[in-house]
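Just below is one structure, and these are the notes that go with it.
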Ligand SMILES: [Zn+2]
């Protein structure tokens with residue numbers, strides 16, 4: 001998939017480059033005239049397009065995450081406003097202190113959703129045991145942009161890399177049990193009020 005995206009980007013850039021060349025030729029006249037300036041201008045314009053495109057993409061991505069987080073917290077507040085407020089402060093502290101952004105990937109779950117999850121993977125909690133059904137748990141991913149790449153911490157990431165973010169320590173502050181402490185199940189995305 002990554003390879004596919006890279007090839008796609010290269011094709012897109014080369015198309016943009018030749019499209020720019022056409023426009024610049026139309027503006028500046030003959031292709032033979034000042035080719036160096038034309039190439040420099042072309043590269044400069046491409047850089048601006050890529051930068052603006054990337055900035056727009058990150059703004060839209062963060063906004064979408066913010067809206068999803070808000071909606072998950074609102075659903076939790078529908079069950080218990082105090083618990084939801086505790087999770088909200090936890091999320092805010094992570095973003096203010098760790099340098100990572102939070103994406104809530106699961107909050108309140110219906111009984112049916114939990115039954116389906118248990119069916120998909122027997123290692124998932126049963127309805128009677130899941131704190132998500134009671135509105136007392138959230139699963140989160142963490143992401144951070146470094147240069148043009150985005151680091152992502154998810155369920156399959158190691159406990160050590162989660163610990164390094166300081167998030168399990170922040171969880172202690174709010175008396176949240178971290179799924180990274182489970183003995184027989186790797187669930188570092190999970191934080192619950194038990
Ligand atoms: Zn969970």
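Please report Rg over Rh for region 1-81, where both radii come from the alpha carbon positions and Rh follows the Kirkwood definition.
Dividing the radius of gyration by the Kirkwood radius yields 1.31.
For 146, 189, which order do you get if you count the other beta carbons within 10 Å of each Cβ and list the fewest first?
Sorted ascending by nearby Cβ count, the order is 146, 189.
Please list 8-20, 89-101 highest first by mean number of surrounding beta-carbon atoms within 10 Å per residue.
Order by mean packing, descending: 89-101, 8-20.
Of the candidates 34, 165, 51, which one comes out as most mobile in a Gaussian network treatment of the chain with C-alpha springs shorter than 10 Å?
Fluctuation is largest for 34.
Along its principal axes, what span do the Cα atoms of region 43-104 show, with the longest given first and each in whole Å?
Reported extents, whole Å, longest axis first: 54, 23, 10.
Please give the helix 81-97 orientation as an angle from the longest Cα principal axis of the chain, in degrees from 0 to 90, rounded to the nearest 10.
40
Would any residue of region 125-169 have its amide N under 19 Å from a label point 7 Å out along Cα→Cβ of residue 55? List them or say none.
It comes to 145-150, nothing else.
For residue 175, project a label point 7 Å along Cα to C-beta. Then give me every residue of region 63-84 with its amide nitrogen under 14 Å of that point.
82-84
Would you mind computing Rg(Cα) / (2.2 N^0.38 Å) for region 80-192, counting N as its residues?
1.06
Efficiency by 1/(1 + (r/R0)^6): what FRET value for residue 161 and residue 40, r their Cβ-Cβ distance, R0 = 45 Å, to the nearest 0.05?
Result of the calculation: an efficiency of 0.60.
Please arrange 133, 55 by counting, for each residue, the other beta carbons lying within 10 Å of its beta carbon, fewest first.
55, 133
Estimate the FRET efficiency between residue 95 and residue 47 by the formula 1/(1 + (r/R0)^6), using the beta-carbon distance for r and 41 Å for R0, to the nearest 0.05.
Here the calculated transfer efficiency is 0.85.
Please report, for the Cα atoms of region 1-147, the Rg to one decimal and the Dmax as a whole number; what are they, in angstrom?
Cα only, region 1-147: 24.1, 76 Å (Rg, Dmax).
How far, in degrees from 0 to 90, does helix 2-28 lean away from the longest principal axis of the Cα atoms of the chain, to the nearest 10?
30
The numbers here are math on the coordinates, done by the rules we state, and not lab data. Source: prediction; values computed, not measured. Please note: Cβ atoms are built from the backbone with ideal geometry, for glycine as well, and neighbour counts cover all protein chains shown.
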